[in-house]
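Input: a single structure, listed below in structure tokens.
Only the coordinates and a few stated rules stand behind these numbers; no lab work does. These numbers come from a predicted model, not from an experiment. Methodologically, a virtual Cβ is constructed for each residue, glycine included, from the backbone with ideal geometry; neighbour enumeration extends over all protein chains shown.
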């Protein structure tokens, strides 16, 4: 593992690190914020999964999360959104290939060699950060934005017992029923839709749900609302009587100006679960 | 109008009053909490519509609302849930007739003479309380529980501009698709379902929505969840991008122990809108 940068930040350290990934078979970079408390021992961690076109850097610089995480004594991990490098397959579209891993393990020939973002987030990166930093693997929570909200929800429900709580900003809620999903699941997983269900937050919510609190925020002016399909997740959560707060926030769009407006709420929500 | 009782309460007065109702053609009784601020001039008012089998008294004695309303300087009005008296038609069932007005104007012969709860709540009682008490008719908000949540939502959306904000505890969300609704709408309004739509919160949400914030709370252990159909309201609100917070609260049932656990939140929510 290589340290790319470390900056003092709210009494803790905002670092950027790279490492050779076994899952993705390429070098991967991530951001990690450690609060001051990490100097004294392991701290809880909140995963932040980013959206389409993002790297590890977007949320780290634009979400305004570190101040609130410092206040709660929580680490933040900002993974990249896809494998990277010249050897990695890509597509001209912004929403397929690099920057658009969709948090799945690709099975199709073109993508399978590197696009293993589910395994990377579920297995490799947790082991790496708990092994190398003062992070308590028994206290993990997860959030994300847009495609990352989809990732946060599907990972949280797909790995029961792993995360205390899950939240999302403007999540893609219904990949199997949206152009933000059908195209990518088809490319990465093939045309047999039976294999897609585990990667549709609304379908997993309907089938399995989450053993803990769920919070989502989406803006009434989100320019991608028709692709997000918030209503499918809301319907599924309420139908299964999932402990949940589903909010539609007036006037907000899909941007990081929206995320930063509610990140305090989300971090407080996770802190309550992480310290319960 | 006759004063039945007045008790000092959180520095204000909890009164109970009766009057001859033009809308319902019978004597009607209501509870009214006036905070201390009402001695100096008109105060905002929060309507609390009660559920099946309730009178004006249940929420007044069991919701724990007055302390929070006093803190915010807001009046609370607790109407009855149906016309009353020996001359008024009734049914042996707990969920039809007295105590079960469903906040509609009955059109069918048996019920039409007295069951005009929509007009009573929308027109007669507002005029009565703003004319006789220090209540500001330009600052009204509305909430309710169960059948009263249905009433709060349908009245709020059916009277645009009247209420700044609407909330509900365990609301009946889909009267046209539930045994808590179909039976009563059929009895009161007749078998032509076209006339029912205005009294189905999810259908009105889908068609019209609400020009202001919406908040609902329902318990994951609500014993009547299958009758409430929270998922239909959640789906409709998110699909139309309604400013809304739809919450499913862990472990709570349908009782006033649930209502009193979240009444502070709801009163703070309305206060923010009433004082905006």
*Extent of segment A:91-228 along each principal axis, from alpha carbon coordinates, in Å, largest to smallest?*
39, 38, 27
*Two-site label geometry, residue B:194 and residue A:4: point separation in nm, points 7 Å out along Cα→Cβ*: 6.4 nm
*Based on the alpha-carbon gyration tensor of segment B:2-274, what equivalent-ellipsoid semi-axes (square roots of 5 times the eigenvalues) come out, in whole Å, largest first?*
26, 23, 17
*Quick one: if you stick a label point 7 Å off each Cα along the C-beta vector at residue A:107 and residue A:71, how many nm between them?*
4.5 nm
*Which whole number gives the average, over all residues in A:242-251, of C-beta atoms from other chains lying within 10 Å of the residue C-beta?*
6
*Just report the Cα centroid separation between segment A:257-276 and segment A:83-125, whole Å.*
28 Å
*Hey, what number do you get for the protein assembly as shown at 222 nm if only DSSP H runs of n ≥ 4 count, each worth -39500 (n - 2.57), divided across all residues, to the nearest 500?*
-8500 deg cm²/dmol
*Which distances in nm, rounded to one decimal and ordered from shortest, link the label point of residue A:127 to the equivalent label points in the other identical copies, with labels set 7 Å from Cα toward Cβ?*
7.6
*20 Å tail of the calculated P(r), segment B:132-212, as % of Cα pairs*: 33 percent
*Could you tell me what fraction of 2.2 N^0.38 Å the Cα radius of gyration of the protein assembly as shown comes to, as a two-decimal ratio?*
1.09
*GNM on chain B, C-alpha springs below 10 Å: top fluctuator among B:257, B:102, B:33?*
B:257
*Have a look at B:87, B:100, B:134 and tell me which one the Gaussian network model of chain B (Cα, springs below 10 Å) gives the largest fluctuation.*
B:87
*Most fluctuating residue of A:157, A:238, A:117 in a GNM of chain A with Cα springs under 10 Å: which is it?*
A:238
_7 Å along Cα→Cβ, label-point gaps from residue B:208 to other copies, nm, shortest first_ = 4.2
*How would you rank A:57-65, A:147-155, highest first, on the average number of other Cβ atoms within 10 Å across their residues?*
A:147-155, A:57-65
*When each copy gets a label point 7 Å from Cα toward the beta-carbon at residue B:62, what are the spacings between them in nm, shortest first?*
5.1
_Using alpha carbons only, how many angstrom separate the centre of segment A:173-227 from the centre of segment A:1-34?_
29 Å
*Given the alpha-carbon gyration tensor of segment A:86-128, what are the semi-axes of its equivalent ellipsoid in whole angstrom, ordered largest first, with each equal to the square root of 5 times an eigenvalue?*
19, 11, 9
*Based on the Kirkwood radius over alpha-carbon pairs, what is the Stokes-Einstein translational diffusion coefficient of segment B:7-47 at 37 °C with 0.692 mPa s viscosity, in µm²/s?*
282 µm²/s
